[in-house]
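The values are calculated or read from the model by the stated rules, or taken from the named source; none is laboratory data. Just so you know, these numbers come straight off a predicted model, no measurement behind them. No Cβ is skipped: glycine too gets one built from the backbone with ideal geometry, and neighbour counts run over all protein chains shown.
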Amino acid sequence: MAHPNRIRANIICIVAACMAMVGYQIWVGNRRVQTETNRAQVEANLPKLTLAQISSLDRKAFERSLPQLQQAVAQPGLKTVVSRETLAAITAKLRQTDESTPDYWPAALRFIQFASSQTAPDAPPPGQQPRILSEILSRGLMRGIREKGITIKFDDGDLGNGEFTGCRIIFTPNPVQLTNATFRNCVFEIPITDNPNPYIKKVGRALLDSDLDSVSIPSL
């Protein structure tokens, strides 16, 4: 039988270990909050640039301006002042920017959603209940999908010969195999994250490599 003092010592060690773990989790949580607070403070202190100004920057300056690009596309009231030339110039610069550049992916994904909303004013507004792609595919369609003016969530499945016009397309982190997919005047919603998964990166690259007015994806 274990000595009572040894049992007591073991209990004290277990309690101490638990307290240390709890303390560590609190510390991690505080660090995360502090990091987000610091980032917000840094972004708040950045000089605000218009999209037109950002579109005219050289390559190095453009890379440094990615936080300002995120700010600019988050501002309200831009729909009537952004020219297609400005959007095209920023798209071209994002194509040329190294994807490992800090803030690249959140800036690129936010810009894709913003720019597509500029070029597809008749697409459904945000917040509507979407149709679900996997449910549509489960009906056994053999001739592909042709949809117009709906909100649709790409959640799963293998889609061949899809044609979408004036739609709001909601991508999720779940991969969808696309073959011969065409999107005309559609708005694209993509999960915004600092480190998207490989599928979302492929989606982002495919959209940036296209004219957002008319996106054709032979294979994804």
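The residue list R205, R131, R146 contains one member that is within 29 Å of L49 (Cα to Cα) and of a type outside the set (S, T, Y), which is R205. Restricting the range 162-200 to residues that are touching a residue at least 24 places away in the same chain (Cβ under 8 Å) and among the acidic types (D, E), the residue that is farthest from R95 (Cα to Cα) is E189. For the structure I just gave you, tell me whether L159 is in contact (Cβ under 8 Å) with a residue 24 or more places away in the chain, of a type in the set (A, V, I, L, M) and not assigned by TED's automatic domain parsing to the domain that holds L212. So L159 does not fit the description; no. Counting the residues of the range 100-144 that are modelled with pLDDT of 95 or more, part of a helix (DSSP H, G or I) and charged (D, E, K, R) gives 1.
V203 fulfils the conditions (1) among the hydrophobic types (A, V, I, L, M, F, W, C); (2) within 20 Å of A92 (Cβ to Cβ); (3) in a strand (DSSP E or B); (4) free of Cβ contacts under 8 Å to residues at least 40 places away in the same chain except for a single criterion, (3). Does E189 qualify as being outside the structural domain of R84 (by TED's automatic domain parsing), closer than 30 Å to S83 by Cβ, buried (at least 17 other Cβ atoms within 10 Å of the Cβ) and charged (D, E, K, R)? Considered against the rule, which asks whether it is outside the structural domain of R84 (by TED's automatic domain parsing), closer than 30 Å to S83 by Cβ, buried (at least 17 other Cβ atoms within 10 Å of the Cβ) and charged (D, E, K, R), E189 comes out as yes.
Is it true that some residue in the range 175-184 is part of a strand (DSSP E or B) and more than 17 Å from P218 (Cβ to Cβ)? No: zero hits. Condition (residue is surrounded by 10 or more Cβ atoms within 10 Å (Cβ to Cβ), modelled with pLDDT of 60 or more and of a type outside the set (S, T, Y)) applied to the range 30-44: is it met by at least one residue? For the range 30-44, residues surrounded by 10 or more Cβ atoms within 10 Å (Cβ to Cβ), modelled with pLDDT of 60 or more and of a type outside the set (S, T, Y): absent. Here T97 does not qualify as more than 18 Å from E189 (Cα to Cα), modelled with pLDDT under 95 and of a type outside the set (A, V, I, L, M, F, W, C).
For the range 152-164, state whether one or more residues are touching an Asp or Glu at 6+ places or on another chain (Cβ under 6 Å), farther than 20 Å from A74 by Cβ and in a loop (DSSP other than H, G, I, E, B). Within the range 152-164 (the criterion being touching an Asp or Glu at 6+ places or on another chain (Cβ under 6 Å), farther than 20 Å from A74 by Cβ and in a loop (DSSP other than H, G, I, E, B)), the answer is no, since none of the residues qualifies. Evaluation of P198 against the conditions (1) under 22 Å from I54 (Cα atoms); (2) in contact with a Pro (Cβ under 9 Å, 6 or more places away or on another chain) shows that the sole unmet condition is (1). Just one residue in the set L220, L208, L212, L178 is surrounded by 17 or more Cβ atoms within 10 Å (Cβ to Cβ) and either small (G, A, S) or more than 23 Å from D122 (Cα to Cα) (or both); that residue is L178.
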